[in-house]
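**Student:** After the structure tokens below, expect a handful of questions from me.
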Amino acid sequence: MDSDQEEQPNKRIKTEPKEDEIKSDIKKEETQLDEIVQSTKASIKHEEDDAGADCIATIDKIDSLKSLGPFIAARDNSQNNLYFQDLPEICKSEPCMLGVDEAGRGPVLGPMVYGIAFCPITSEQILVDLGCADSKQLTEEKRENIFNEMNIAETPRACLGWAVELISPNVISTSMLRRSKCSLNEVSMNSAIGLIQRAVEEGVNIAEVYVDTVGPPEKYQDKLKAIFPQFKITVAKKADSTYPIVSAASICAKVTRDTALKVWKFPESNELNSVKFGSGYPGDPVTKRFLTENVDMFFGFPRLVRFSWATAENALADKAMEMEFDEPDDQKPKYAGPKLTQFFKGATKTGAVQRKPCRFLKSAF
């Protein structure tokens, strides 16, 4: 072959890929694409969750109906929570009337909410203009509109103040079932007294107090007069339909309780967050079904439920396991010498052990 003759290029044989190889490549690409999509979704959800958590964490003030839900959702619903709105300056200087009422006394589910409202005596017409009336006679939409106006409208905001205390169903149950029992009436009165005292501490110039009664009005009125002798106090049945200032307190309490139920979170199980539980009243069929279908054999109910209600006790009696707790033997002679428990970590000076809740029980709330 001559040296200047060009070499012929190597011939390559072109073959079509097999069908199995094509399917395998397509499957790999689909898998990779699916992984990318899932990773992106997870990243977006994580960012949204973080943003939502930051939003809830920063809600420390209720200035409208819209902010009420996030404020409640950010709090521990196993404890009582009190909110006192920023005090209008005029309420410090002018003599004021103050009304007290509650919402959610009868339901087996959710918190009981006590509310107060106050404004100068000369500003009572503002309550009438807002449409304050017995919250039970108003529609939910009307109550929410009035509550929103109380917080965003310029005139009411300048002279009308309010506060609420959410009394946890967990606190209600433990109060009524403990050894030294505290009745629901006592829990109610203590909350009302605490709210009035808080208003005094905040600087509200209270002259008159109107309260929707719990139990006999005369006894309740005498009790309040003994604690607050400087005020003119009126305790009456159905005061929320008689005195506009009590109606305003009733609306604040009712709207707060309804919102608390809407944003309730179950730490016991995420699955419960999507379960409907109704209004919470024992006669509500949705509430009855919730109590029947959500009994834990050992723990009973989630803390949304007031264990001290007969409705809850009956549901537990049908499904939950019976338990007996050993009573301490008070007649047993006490040993005067050193106790073995004094050598345990966390023992007090008297030798008693400071026991922490079992992790299993604590994690199940």
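The values are calculated or read from the model by the stated rules, or taken from the named source; none is laboratory data. Being a predicted model, the structure only gives us computed values, none of them experimental. As a convention, Cβ positions derive from the backbone with ideal geometry for all residues, glycine included, and neighbour counts pool all protein chains shown. Heads up: the accessible areas ignore ligands, DNA and RNA and are worked out on the full protein's heavy atoms, side chains in. Shrake-Rupley method; radii C 1.70, N 1.55, O 1.52, S 1.80 Å.
**Student:** Ranked highest first by the average count of other Cβ atoms within 10 Å around their residues, in what order do 95-101, 358-364 fall?
**Tutor:** Peptide ranking by packing, descending: 95-101, 358-364.
**Student:** Moving on to the next point. What FRET efficiency would be calculated for the residue pair S64, S241, taking the C-beta separation as r and a Förster radius of 35 Å, to the nearest 0.05?
**Tutor:** 0.85
**Student:** If I stretch the segment between E324 and K92 completely, what's the gain in nm (0.36 nm per residue apart, minus their alpha carbon distance), one decimal?
**Tutor:** 78.0 nm
**Student:** Using only the alpha carbons of region 154-277, what is the convex hull's orientation-averaged projected area in square nanometres?
**Tutor:** If I average the Cα hull's projected area over directions, I get 10.6 nm².
**Student:** Would you mind giving the three semi-axes, in whole Å and largest first, of the ellipsoid equivalent to region 270-324 according to its Cα gyration tensor?
**Tutor:** Semi-axes from the Cα gyration tensor: 18, 14, 9 Å.
**Student:** Also: If you roll a 1.4 angstrom probe over the protein chains with everything in place, what fraction of the accessible area of region 108-174 belongs to carbon and sulfur, to the nearest %?
**Tutor:** Carbon and sulfur: 48 percent of the exposed surface of region 108-174.
**Student:** At a 10 angstrom cut-off on C-beta neighbours, averaged per residue, how do the peptides 314-321, 225-232 rank from highest to lowest?
**Tutor:** 314-321, 225-232
**Student:** Right, here's the next one. Given the Cα-Cα distance of R198 and F360 and 0.36 nm per residue of separation, how much length would full extension add, in nm?
**Tutor:** Length gained, R198 through F360: 54.5 nm.
**Student:** On to the next question. If you wrap a convex hull around the Cα atoms of region 65-263, how much volume per residue is inside, in Å³?
**Tutor:** Taking only Cα atoms, region 65-263 has a hull volume of 113 Å³ per residue.
**Student:** Which pairs, out of K66/K262; K265/K362; K181/K223; K181/K237; K142/K262; K61/K265, put more than 24 Å between their alpha-carbon atoms?
**Tutor:** Over 24 Å apart, Cα to Cα: K181/K237.
**Student:** Which peptide among 304-310, 136-142, 114-120, 274-280 comes first, and what is the full order, when sorted by highest mean count of other Cβ atoms within 10 Å?
**Tutor:** The most tightly packed comes first, giving 114-120, 304-310, 274-280, 136-142.
**Student:** Can you compute the modelled spin-label distance between R157 and F298, with each label point 7 Å from Cα toward Cβ, in nm?
**Tutor:** Rounded to a tenth, the inter-label distance reads 5.2 nm.
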